[in-house]
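Since the structure comes first, as structure tokens, the remarks are kept for the end.
The values are calculated or read from the model by the stated rules, or taken from the named source; none is laboratory data. All values derive from a computational prediction rather than experimental measurement. No Cβ is skipped: glycine too gets one built from the backbone with ideal geometry, and neighbour counts run over all protein chains shown. Only protein heavy atoms, including side chains, enter the accessible area calculation; ligands, DNA and RNA are left aside. Shrake-Rupley method; radii C 1.70, N 1.55, O 1.52, S 1.80 Å.
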Amino acid sequence: MLYPLSYGRTCPARDGAEALGELTRWSAEARNRARIPSGQGIRHPRSPAPALVGQTREVTARLYRDDLGIPHVRADHVLDLADAQGEVTARDRAWQIEVGRLKAEGRLAELIGRAGVAWDVFARRARLDDTARRAFGGLDAGTTAFVRAYAEGVRRGLAATTASEFAALDAHFGVGCDRGEWPDHGPLLVMHAAHVLFTSYPAILWREHVVRTLGEDWAELFEAGEAGPTSGSNAWALHGSRTGSGMPLLAGDPHRMFELPGVYQQVRLACDEFDVVGLTFPGVPGVQHFGHAGSVAWGITNAMAHGADVLRETLRRAPDGWEALGPGGWQPARVERSIIRVRGGDDIEVEAIETARGPVVTDLREDGSHLVGWSVRLPARADGDLGFSSLLPLLHARSADDVVTAFGGWVDPVNRLLAADTTGAVRSATVGRPFARPAAQRLLALDAPLDDVAPAAPLPRAIDVEDCAVDANERPDRPDVDLGSGYAAPYRADRIRVLLDELRPRSIDDFPPIWGDTRLGSAEALLAHLPSGPLAGPEEDVRRALAQWDGRMDAASVPAAMFAAWRDALVRRVVSHPALARLHEPHAFGAVYDSWFGLEAHVARGLLRLLAHPPLAQDAASLARDALSDVAGTQADAWGARHRLMAAHVLGAVPGMDDPAAGFAVALDGDGDTVRCTASTPGLSARAWRGSVARWAWDLADRERSVWNVPFGASGDPASPHHADQLGAWVEVRPARIVTAWERLRDEGTIGR
């Protein structure tokens with residue numbers, strides 16, 4: 001819904017003196033820390049402190065680009081830098097950041113028609129726009145000024161940029177779309193829309209569906225456990241005692257859905273106070289998850305922590321709206337009504353309900369004389385905080401401990417953090433705001449009203465890494481770090497540890513075999529289900545080929561394709577088993593969750609557990625045998641013939657429009673739980689829709705020995721030479737060296753007002 005500005009917390013006025021005081025404090029702290037090592041930072045005199053409110057000032061920033069078109073922005077002051085970052089982001093990613101903003105406002109259907117309705121209904125129910133407004137209103141003065149400066153740059157960049165996608169939509173629908181002006185809280189909108197479904201709560205809704213249809217004894221069977229394939233992210237840290245330079249190395253690759261343009265934007269931000277290279281979310285100022293500031297570097301993976309309570313609400317109509325059953329009986333619920341404008345279609349009225357627990361984010365279903373819906377309590381909504389207080393401290397960090405402290409303001413998703421600095425310190429920490437719930441309460445929706453509201457879970461203290469550390473979304477060994485559920489299977493983490501032990505890498509140049517490793521950890525356990533005893537000729541040929549297979553999911557491998565085909569067939573047969581018949585019933589939650597309820601993906605994830613569960617165990621042997629018969633004698637192509645990149649582009653969802661991502665269907669090595677993550681959906685499609693959306697490695701001895709890579713390129717413009725010029729190197733696992741010497745960059749002139 002569109003929410004009135006008066007709803008929620010009022011945005012306090014920020015005067016220039018208060019905001020300037022905040023930034024002056026940041027400047028003083030930055031100067032008191034160790035300076036950036038020679039050659040890493042920039043040294044030039046500071047100009048007079050900027051006026052922040054009610055005055056016009058000249059923005060003094062300069063834009064440089066490297067050979068990949070990656071923007072390097074240099075300015076005198078933090079606000080100049082934020083303004084320039086906003087402008088160059090709008091120039092490079094106008095389509096992407098506008099879509100992100102409109103999604104959070106619940107206005108996607110205004111842009112792309114009926115294809116955006118399901119999302120808009122969710123966004124308005126979940127109060128995304130109002131939450132971003134509340135969080136913006138609660139920012140400290142310095143962060144407020146920083147975000148506003150970025151938004152001002154975005155507005156200027158958008159005014160000077162016309163993305164081809166907007167013109168294509170205008171031609172398709174025959175009418176234009178008034179998107180309105182990018183708001184000051186736009187960066188919070190983008191961040192919130194990108195992460196609201198990145199939490200555990202859609203998985204909790206899935207488990208609720210399993211329990212409702214099959215019973216509680218099935219709830220955990222669809223978890224990864226020792227099965228697979230699964231997907232997540234990788235990160236590792238090497239202490240200086242393990243490296244050739246004597247300084248730490250950090251590396252990793254985040255795994256998300258492949259999107260065009262890419263999820264992350266490579267950027268460098270430099271001013272008198274800091275000089276940071278890293279990966280940022282387009283539309284959000286600063287550098288968030290992965291960065292190198294010269295004297296310190298950091299990277300994260302998802303901690304898979306419990307960051308959302310899902311509550312089963314009992315509701316009824318009231319004369320003036322809705323009531324929800326609360327601890328003391330029926331209580332009024334907040335209701336917001338709004339209209340979704342559908343481009344090329346009829347408008348849709350949305351009624352969004354919010355109880356004392358949180359917004360109701362699902363459809364309602366009848367339950368006797370009442371209705372049932374599910375609300376979600378998220379830290380961002382409950383606390384009015386999207387974690388933006390971490391942005392400036394991260395940019396100013398000079399040590400691993402500074403990074404850990406900066407992430408003290410982080411909210412969601414909860415992450416595992418690795419940080420290292422030039423003193424040789426390496427830290428491992430858990431950062432964010434998980435809820436404290438017993439393990440059993442993290443799995444299922446809870447009945448409202450509750451007797452308690454889960455407090456924020458105490459986070460374990462950061463620990464020193466004295467050799468190496470690996471994070472790959474697996475269940476942690478330490479009980480104090482086990483804050484969630486739905487962890488990834490341990491295959492990737494175990495494999496990275498083996499490779500670090502076997503290869504003993506001494507520099508970043510030794511990392512590509514780790515990023516590119518295609519050994520499939522789940523294969524051995526699944527191959528144990530191959531039938532034994534005499535087989536007919538074609539079945540015996542497949543069994544023999546799989547027995548001799550090296551377990552690597554290489555694009556050129558025919559046995560890998562045979563294994564995947566047998567796995568697909570086995571998943572389809574389990575999906576069709578009578579014991580799972582009721583899971584095919586429609587879920588009760590709403591169209592936006594459909595992609596979380598595809599049964600093939602859940603069966604593939606829990607395949608080994610399901611085959612061992614009594615209702616299926618008696619048929620496991622015949623299921624495996626029949627699956628082998630399904631694929632025996634079929635054409636034996638290489639894995640890469642089927643396993644190809646499938647990136648998502650918003651226009652691909654609009655009926656009658658060409659999909660701009662369709663031309664990038666390159667063959668890929670890897671699979672869902674290989675270190676080289678290129679996850680498909682066994683039983684449904686071999687196309688890879690999720691995997692490494694960036695690769696990064698930070699060298700604390702010399703930042704220019706660091707490397708990075710994204711699947712496509714720096715620009716979101718299809719006409720740009722940098723739209724997809726990194727794709728080939730990404731496929732071949734050849735990340736590029738980072739260039740920071742200003743004289744080696746192309747000077748594109750001043751940027752800003």
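Before moving on, here are some points about what is shown:
- Put simply, of Ala638, Ala624, Ala632, Ala653 the only residue that is farther than 18 Å from Ala564 by Cβ and of a type outside the set (D, E, K, R) is Ala653.
- Filtered residues of segment 730-750 (kept if open to solvent by 30 Å² or more (accessible area, probe 1.4 Å) and either free of Cβ contacts under 8 Å to residues at least 24 places away in the same chain or farther than 25 Å from Phe664 by Cβ (or both)): Glu732, Trp742, Glu743, Arg744, Arg746, Asp747, Glu748, Thr750
- Matching option when the condition is of a type in the set (Val, Ile, Thr), farther than 26 Å from Ser295 by Cβ and out of contact with any helix residue (DSSP H, G or I) (no Cβ under 9 Å at 6 or more places or on another chain), among Val376, Val372: Val372
- Criterion violated by Ala665 - all others in (1) aliphatic (A, V, I, L, M); (2) out of contact with any helix residue (DSSP H, G or I) (no Cβ under 6 Å at 6 or more places or on another chain); (3) buried (at least 17 other Cβ atoms within 10 Å of the Cβ) satisfied: (3)
- Boolean, Leu611 is touching a Leu at 6+ places or on another chain (Cβ under 7 Å), farther than 20 Å from Thr678 by Cβ and open to solvent by less than 30 Å² (accessible area, probe 1.4 Å): no
- Residue list for segment 449-470, filter: within 20 Å of Leu238 (Cβ to Cβ) and open to solvent by 20 Å² or more (accessible area, probe 1.4 Å): Ala462, Ile463, Asp464, Glu466, Asp467, Cys468
- Residues within segment 611-668 that are within 22 Å of the chain's Cα centre (by Cα) and closer than 28 Å to Glu539 by Cβ, tallied: 1
- Being of a type in the set (A, V, I, L, M, F, W, C) and more than 28 Å from Val147 (Cα to Cα) is a description that applies to Trp236.
- Residue pairs whose Cβ atoms lie under 7 Å apart, separated by 6 or more positions or on different chains, with the first residue in segment 686-705 and closer than 25 Å to Ala560 by Cα and the second assigned to a loop (DSSP other than H, G, I, E, B) and open to solvent by 50 Å² or more (accessible area, probe 1.4 Å), are Arg687/Met646; Ala688/Met646; Trp689/Met646.
- Selection count, segment 351-362, where residues are surrounded by fewer than 22 Cβ atoms within 10 Å (Cβ to Cβ) and farther than 15 Å from Ala123 by Cβ: 1
- All positions within segment 193-227 that are buried (at least 18 other Cβ atoms within 10 Å of the Cβ) and charged (D, E, K, R): Arg207, Glu208, Glu223
- Of residues in segment 348-377 being basic (Lys, Arg) and in a strand (DSSP E or B), the one nearest to the chain's Cα centre (by Cα): Arg377
- Here segment 165-192 is the region considered, the condition is being part of a helix (DSSP H, G or I) and touching a Phe, Trp or Tyr at 6+ places or on another chain (Cβ under 8 Å), and the residue that is surrounded by the fewest Cβ atoms within 10 Å (Cβ to Cβ) is Phe166.
- Qualifying positions in segment 489-516 - open to solvent by less than 10 Å² (accessible area, probe 1.4 Å) and either assigned to a strand (DSSP E or B) or not hydrophobic (A, V, I, L, M, F, W, C) (or both): Arg492, Pro505
- So Ala638, is it modelled with pLDDT of 95 or more and either of a type in the set (Val, Ile, Thr) or surrounded by fewer than 20 Cβ atoms within 10 Å (Cβ to Cβ) (or both): yes
- The requirement of being part of a helix (DSSP H, G or I) and open to solvent by less than 20 Å² (accessible area, probe 1.4 Å) is not satisfied by Trp236.
Residues checked against (1) at pLDDT 95 or above; (2) under 27 Å from Thr674 (Cβ atoms):
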position	(1), (2)
Gly262	yes, yes
Gly278	yes, yes
Pro282	yes, no
Pro285	yes, no
Gly294	yes, no
Trp298	yes, yes
Ala305	no, yes
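- Note on segment 330-347: residues that are part of a strand (DSSP E or B) and either acidic (Asp, Glu) or under 28 Å from the mean Cα position of the chain (by Cα) (or both) total 2.
- Subset of segment 566-604 that is of a type in the set (Lys, Arg) and touching a helix residue (DSSP H, G or I) at 6+ places or on another chain (Cβ under 6 Å) - its residue that is most open to solvent (accessible area, probe 1.4 Å): Arg582
- The residue of segment 706-721 that is nearest to Gly606 (Cα to Cα), among those that are in contact (Cβ under 8 Å) with a residue 60 or more places away in the chain and not in a loop (DSSP other than H, G, I, E, B), is Trp708.
- For the criterion of being more than 30 Å from Leu610 (Cβ to Cβ) and in a helix (DSSP H, G or I), Asp541 fails.
- When residues in segment 551-595 are screened for being closer than 23 Å to His643 by Cα and either touching a residue at least 12 places away in the same chain (Cβ under 8 Å) or among the β-branched types (Val, Ile, Thr) (or both), 25 of them pass.
- Index of the failed condition, Ser532 passing every other in (1) open to solvent by 60 Å² or more (accessible area, probe 1.4 Å); (2) among the hydroxyl-bearing types (Ser, Thr, Tyr); (3) under 13 Å from Thr674 (Cα atoms): (3)
- Lone qualifier among Pro359, Pro413, Pro379 - being within 19 Å of Ala303 (Cα to Cα) and touching a Lys or Arg at 6+ places or on another chain (Cβ under 8 Å): Pro379
- The residue list Leu700, Leu727 contains one member that is farther than 30 Å from Val99 by Cα and open to solvent by less than 20 Å² (accessible area, probe 1.4 Å), which is Leu700.
Rundown of residues vs (1) over 25 Å from the mean Cα position of the chain (by Cα); (2) closer than 23 Å to Phe198 by Cα; (3) assigned to a helix (DSSP H, G or I), yes/no style:
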residue	(1), (2), (3)
Asp129	no, yes, yes
Arg133	no, yes, yes
Thr143	no, no, yes
Tyr150	no, no, yes
Thr161	yes, no, no
